[in-house]
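J.: Handing you this structure, nothing more for now.
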Amino acid sequence: MSKSKQELLGYQSHLIQDNLTYFKPTRTSTTVTFAEEIRSSLQEPKKSISPKFFYDENGSKLFDEICTLPEYYPYNSETEILQSIEKKLLPYLSNEFHLVELGSGSSVKTRLLIDVLFKSQKHLQYFPIDISEILDQSAKSLCMDYENLKVTGVVDTYEKGLDFIEHYDDKPNLITFLGSSFGNLDHNEGMKFLQRINTLMKSDDLFLIGLDLKKDHEVLHNAYNDSQKTTAKFNLNVLKRINEELGADFNLENFEHHAVYDEQKGRIEMYLRSLSEQSITIPKSDLSITLSKDELIHTENSHKFSISQIESYLKESNFEKLEMWFDSRKYFALVLGKKI
Ligand code: AVI
């Protein structure tokens, strides 16, 4: 990718060590977007905060903690599949794949894929794309552990990161989107996103996506209402972030975590409930709002899929399904696809 394109996209490059570079948008542009988005979504009659704002450093740590909870099965189920696919994935690989990971977070599951890729190639270039600065730490530890790994991180949203990766070079990419993060998009956003990925893919690129399946409601409910209340802390942390970064005065004690499964929509809906009538000021968004008692701020949808829904999503966005793998409880699916 040429320097002018990086600059055009508003990135600054940070060379950390020989095998590790990050590209980050300038601080100002990120803050302005955050302030503006919060201003507009909290002014709507149905207030909301986008789930992409969960992942500041503390939010990313809380999400990692969620992944260790016994109730939060998606992590264990997907890991179980990844641990068992080496032999099944290898026939699709050659000796020159790049690994591109959307929403890499702390890159723990990535190690399983890196291990598989190193079975068929000597050197590997890994492009983690994540909005969170946690990428810094995870990339450093990967570079320490894998001698022949080169990491080029993009600290940004998936969409913008994909613009960055497009036309990087001629080598095939294994593009991964794990953890059912796809489920956090609504139907239109999801379709647009898959189509976007499909368009930028080369004919020999592969796409590996993890998707959470529909299942018993109690299992779903408990995964988002854990007994240690880590999910509640994760949800409330977004208000703390708005306080810290936008100078707001949310009192976290005046809100509670609320997560329910909507069967018709096939999704967990997550909210912050206002426990009293209250006024909030968000100076950097130039906004004052009032919340009535029990008013909800919507913070996340987490869709759960049926196998036929997955198949129609893939078909509609021009993907050929090569494989669909499941964990032993059939709670989660990992799908390997390529561009038609
Ligand atoms: C990142 N994403 C797939 C998680 C989910 O399950 O929707 C985020 C999460 N929200 C609450 N717990 C975990």
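The values are calculated or read from the model by the stated rules, or taken from the named source; none is laboratory data. In this text, all values refer to a predicted model and were calculated from it rather than measured experimentally. All Cβ positions, glycine included, derive from the backbone under ideal geometry; neighbour counts span all protein chains shown. Just the protein is used for accessible areas: all its heavy atoms, side chains included, with ligands, DNA and RNA removed. Shrake-Rupley method; radii C 1.70, N 1.55, O 1.52, S 1.80 Å.
J.: Quick one: net charge of SER48's neighbours, Cβ under 11 Å, K/R +1, D/E -1?
T.: With Lys, Arg at +1 and Asp, Glu at -1, the neighbours total -2.
J.: Right, next: Output the antiparallel fraction of DSSP beta bridges having both residues in the chain, as a percent to the nearest 5. Intermediate results must be reported in sequence, preceding the final value.
T.: On the way: 39 of 62 bridges.
Expressed as a percentage, antiparallel bridges in the chain total about 65.
J.: Check which residues have an amide H placed less than 5 Å from GLU300's amide H, if you skip close sequence neighbours.
T.: MET270
J.: At 1.4 Å probe size, with every protein chain present, just tell me what the per residue accessible area of the range 181-261 comes to in Å².
T.: Numbers: 3420 Å² over 81 residues.
Ligands and nucleic acids excluded, the figure is 42 Å² per residue.
J.: What is the gain in length, in nm to one decimal, between GLU37 and SER13 on full extension, counting 0.36 nm per residue of separation less the C-alpha to C-alpha distance?
T.: Difference between extended and current length: 6.1 nm.
J.: Give me the number: length gained by fully extending GLN309 to ASP115, i.e. 0.36 nm times residue separation minus the C-alpha to C-alpha distance, one decimal in nm. Could the numbers behind the result be given before it?
T.: Values: separation 194, 0.36 × 194 = 69.84 nm, distance 3.09 nm.
Length gained between GLN309 and ASP115: 66.8 nm.
J.: Radius of gyration and Dmax for the range 93-226's Cα atoms, expressed in Å?
T.: In Å, with Rg to one decimal and Dmax whole: 15.6, 47.
J.: Then there is this: Add -39500 (n - 2.57) for each DSSP H run of 4 or more in the chain, then divide by its residues: what number comes out at 222 nm, to the nearest 500 deg cm²/dmol?
T.: Estimated from H runs of four or more residues: -11000 deg cm²/dmol.
J.: Where in the chain are the helices, taken as whole DSSP H runs, whose Cα atoms extend 15 angstrom or more along the long axis and whose Kyte-Doolittle mean reaches at least 0.5?
T.: Both cut-offs are met by 110-120.
J.: Another one. So how do 122-129, 271-278 stack up, highest first, on mean other-Cβ count within 10 Å?
T.: 122-129, 271-278
J.: Do you know the relative contact order of the chain, to the nearest whole percent, from alpha carbon pairs under 8 angstrom that are 6+ apart? Could you put the intermediate results ahead of the total?
T.: Values: 624 pairs, mean separation 67.7, N = 340.
The normalised contact order for the chain reaches 20 percent.
J.: Hey, another quick one. State the percentage of accessible surface on the chain attributable to carbon and sulfur atoms; use a 1.4 Å probe and exclude ligands, DNA and RNA.
T.: 48
J.: Same structure, new question: Suppose the chain between THR21 and VAL219 were pulled fully straight at 0.36 nm per residue; how much longer would it get relative to their current alpha carbon spacing? Let's see the in-between values first.
T.: On the way: separation 198, 0.36 × 198 = 71.28 nm, distance 4.06 nm.
Fully extending the segment from THR21 to VAL219 adds 67.2 nm.
J.: Still on this structure: What is the calculated FRET efficiency for VAL260 to ASP204, with r their C-beta to C-beta distance and R₀ = 41 Å, to the nearest 0.05?
T.: The computed FRET efficiency comes out at 0.40.
J.: Could you order the peptides 222-232, 187-197 from most to least packed, using the average number of other C-beta atoms within 10 Å per residue?
T.: The packing order, highest mean first, is 222-232, 187-197.
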